[in-house]
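Contents: one structure, followed by commentary.
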Amino acid sequence: MKLLYVLATCSLAFNAVADVASQLVVENPFARAAIMQQRNSAAFMQLRNPTETAAVVSASSPVAGIVELHTHINDQGVMRMRKISQIELPAGQTVSLQPGGLHVMLLGLKRDLNPGDEIELTLILSDGSEKQLLIPVQRVMMHKMKQMQGHQIDGSLPPMMKH
Ligand SMILES: [Cu+2]
């Protein structure tokens, strides 16, 4: 009887450790500043998964009507956003969500996202666990986005930007 109890406790402890959300490390999260009339914004971050391979399968936020997982694809030289069903989190790797690449799309903004604000974002993971985040709103430099997209289109480094 005592042994059974120990086994049950171990299994509970193991489940807690295996929980993807509690193991997932979120670095440098931010949401792009936008006014409500622009309707859309996006959230970016680095996701480091020290456990077994998992995925972000959906997300939600009180500031947006719909939250989708997106990537950019090169469609005959034009970068286009595509909705994807999940963002893979390979074991032991860091996945970067960044302008011009993978991102969490915030559609139908319910309010302005001003620089300095913080927004709630919940990531739902493939094991059913949820990662609750409070992420800062930042202005995304447009020339920086263009540099990244330029880099992705032809694989070369962008020309130096002059100010
Ligand atoms: Cu998008």
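Looking at the range 108-118 only, could you name the residues that are within 16 Å of the ligand (Cβ to nearest atom) and surrounded by 15 or more Cβ atoms within 10 Å (Cβ to Cβ)?
Applying the first criterion (within 16 Å of the ligand (Cβ to nearest atom)) to the range 108-118 yields 108-109, 113.
LEU109, LEU113, listed by residue number.
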query = So is MET141 more than 16 Å from the chain's Cα centre (by Cα), at pLDDT below 95 and closer than 15 Å to ASN40 by Cβ or not?
reply = no
ask   = Could you list, in sequence order, the residues of the range 104-136 that are free of Cβ contacts under 8 Å to residues at least 24 places away in the same chain and part of a strand (DSSP E or B)?
value = GLU118, GLN132, LEU134
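When the residues of the range 32-51 are filtered to those that are surrounded by 14 or more Cβ atoms within 10 Å (Cβ to Cβ) and away from the ligand (no atom under 15 Å from the Cβ), which remaining residue is farthest from GLN98 (Cα to Cα)? Walk me through how you get there before you give the answer.
Step one: of the range 32-51, the residues surrounded by 14 or more Cβ atoms within 10 Å (Cβ to Cβ) are 32-34, 40-49, 51.
From what is left, the residues that are away from the ligand (no atom under 15 Å from the Cβ) are 33, 46-49, 51.
Numbers: ALA33: 14, GLN46: 8, LEU47: 11, ARG48: 14, ASN49: 17, THR51: 22 Å.
Selected residue: THR51.
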remark   = Residue count, the range 65-78, condition more than 11 Å from the ligand (Cβ to nearest atom) and surrounded by 16 or more Cβ atoms within 10 Å (Cβ to Cβ), comes to 0
Lone qualifier among MET36, MET1 - being touching a Leu at 6+ places or on another chain (Cβ under 6 Å), more than 19 Å from ASP127 (Cβ to Cβ) and modelled with pLDDT under 95 = MET36
task = Evaluate the range 52-64: report whether one residue or more is buried (at least 20 other Cβ atoms within 10 Å of the Cβ), assigned to a strand (DSSP E or B) and without any contact (Cβ under 8 Å) to a residue 60 or more places away in the chain.
result = yes
key: Top-ranked residue of the range 88-103 - restricted to ones that are assigned to a strand (DSSP E or B) and under 19 Å from ILE135 (Cα atoms), ranked as farthest from the ligand (Cβ to nearest atom)   = THR94
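The values are calculated or read from the model by the stated rules, or taken from the named source; none is laboratory data. Computed from a predicted structure; not experimentally measured. Cβ sites come from the backbone with ideal geometry, for glycine too, and all protein chains shown count toward neighbours.
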